[in-house]
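One structure is given below, represented as structure tokens, and several questions about it will come after.
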Amino acid sequence: MKVGFVGLGQMGSAMAANLLKAGHEVTVYNRNGAKADPLVKQGARKAASIAEASRGEVVITMLADDNAVSDTVWGNDRLLATLPKGAIHVSMSTISVALSKRLADAHLKAGQRYVAAPVFGRPEAAAAAKLFIVPAGAPEAIAACQPLFDAMGQKTLPMGAVPSAANLIKLSGNFLLAAVIESLGEAIALVGKAGIDRKAYVELLTTTMFPAPAYKIYGNLIAENRFEPAAFAAPLGHKDIRLAMAAAENLRVPMPIASLLNDRFLRLLANGGDKLDWAAVGGLATADAGGLAAGEASGPAINNS
């Protein structure tokens, strides 16, 4: 397929590379053009503008937030104005429910198709084409994109014909992951303060009661106090919690744990955690308890003030 790919961060670069490996004709665009160069060496075509990347059968956006997506879509030389009629915009970014609804309406009016297809998985999963992809939109549009999803992920889980449903599911999933990170952090701080081996504790948890990838990945990061380099930066995690809370407010669904997580992210960011992985939220409990126990291995510290 002729595919445009806009947004070449850690996730986007890996996803575009897998599309190339699968034999698709990929045109890539990134605001920082140098990020496209490694993909050009793999066979991609480098676009000089968003418009140039939006002239194929499908254009995929994988961007940081609502503002980045809006700036990419609206404008005279942007995606909405240049995507051919009948072509598909696949938004794989984690964005608000409200923006997803706005995108669906705009593409419908322009005679284009829109699929929201956020993903679950960290950059290593993207590189290995092991993402879980959650598309929502017109069934025929999802079916048309299936070869692309197969190239980027290990499983596709369609969630109906309303695109914004996929975005709400993604936000709810990230809320649950953040709750896991916080609860793991508190439990690890508790046993660590008592002098129990933190890594051995995580090994026990993840081979008995909680043998899930999230517990293994984040439990080890927290136990080792290892939050750099960030695979998913803390400000992005905070953004997702705020978007989940906004959706909850609109639906009148109380989410007291989300409110707690919002405060924990604010605590982390107020103390210089902008460049840390969002798993650093799980390190706050250790810092609040007086720091790592004597003799513990430590990575980048979290400010204890």
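With Cβ to Cβ distances under 12 Å as the rule, what net charge do the other residues near residue 7 carry (K, R +1; D, E -1)? Can you show the working numbers first?
On the way: positive: 31, 35; negative: 65, 71.
Once all neighbours under 12 Å are counted, the net charge is 0.
About the Cα centre of the chain, what is the dipole size in debye to 20, counting +1 per Lys and Arg Cβ and -1 per Asp and Glu Cβ, all else neutral? Walk me through the numbers before you get to the answer.
Numbers: 29 positive and 25 negative charges, 134 e Å.
Result for the chain is approximately 640 debye, rounded to the nearest 20.
Let me ask something else about it. Roughly how many whole Å is it from the C-alpha centroid of the stretch 147-208 to that of the stretch 267-281?
So the separation of the two Cα centres works out to 18 Å.
Another question, then. Going by Cα centres, the stretch 86-134 and the stretch 1-66 are how many Å apart?
Centre-to-centre (Cα) distance: 14 Å.
Sticking with this structure for a sec: Beyond 19 Å, how much of the Cα-Cα pair distribution for the stretch 167-288 remains, as a whole percent? Write down the numbers at each step before the final one.
On the way: 3324 of 7381 pairs.
Summing the P(r) of the stretch 167-288 above 19 Å gives 45 percent of all pairs.
Over the chain, what is the mean sequence separation of C-alpha contacts under 8 Å (at least six apart), divided by residue count, expressed as relative contact order in percent?
Numbers: 575 pairs, mean separation 41.4, N = 305.
Value for the chain: 14 percent.
Could you order peptides 223-232, 57-66 by the average number of other Cβ atoms within 10 Å of their residues, highest first?
Values: 223-232: 18.9, 57-66: 22.9.
Per-residue Cβ counts within 10 Å, averaged per peptide and sorted highest first, yield 57-66, 223-232.
Something else now. List the chymotrypsin sites (Phe, Trp or Tyr not before Pro) within the stretch 1-97 that DSSP assigns to loop and that have no more than 14 neighbouring Cβ atoms inside 10 Å. Present the calculation step by step, with values, prior to reporting the outcome.
Numbers: sites: 5, 29, 74; in loops: 74.
Hits after loop and neighbour filter: 74.
Could I ask something else about it? So what's the back-of-envelope 222 nm ellipticity for the chain, counting only DSSP H runs of four-plus at -39500 (n - 2.57) apiece and dividing by all residues, rounded to 500? Before the final figure, lay out the partial values.
Working: 13 runs with 151 residues, N = 305.
So the helix-based figure for the chain works out to -15000 deg cm²/dmol.
Would you look at the GNM of the chain, springs on alpha carbons closer than 10 Å, and say which of 146, 42, 154 moves the most?
Looking only at 146, 42, 154, the biggest GNM fluctuation is shown by 42.
Also: Antiparallel DSSP bridges in the stretch 2-161: what percent, to the nearest 5? Could the numbers behind the result be given before it?
Details: 3 of 25 bridges.
Close to 10 percent.
While we're here: Where does each of 258-271, 123-136 land if you order them by average Cβ count within 10 Å, highest first? Each step should come with its number before you reach the end.
Working: 258-271: 17.3, 123-136: 20.1.
Sorting 258-271, 123-136 by mean packing, highest first, produces 123-136, 258-271.
Let me ask something else. Show me the helices of the chain, taken as full DSSP H stretches, that run 30 Å or more along their long axis by Cα and average 0.5 or above in Kyte-Doolittle hydropathy. Before the final figure, lay out each step's value.
On the way: long enough: 163-193 (46 Å, 1.01).
Those that pass (Cα extent of 30 Å or more, hydropathy at least 0.5) are 163-193.
Read-outs: derived from the displayed coordinates by stated rules, not from any lab. All of these numbers come straight from a predicted model, not from anything done at the bench. Cβ sites come from the backbone with ideal geometry, for glycine too, and all protein chains shown count toward neighbours.
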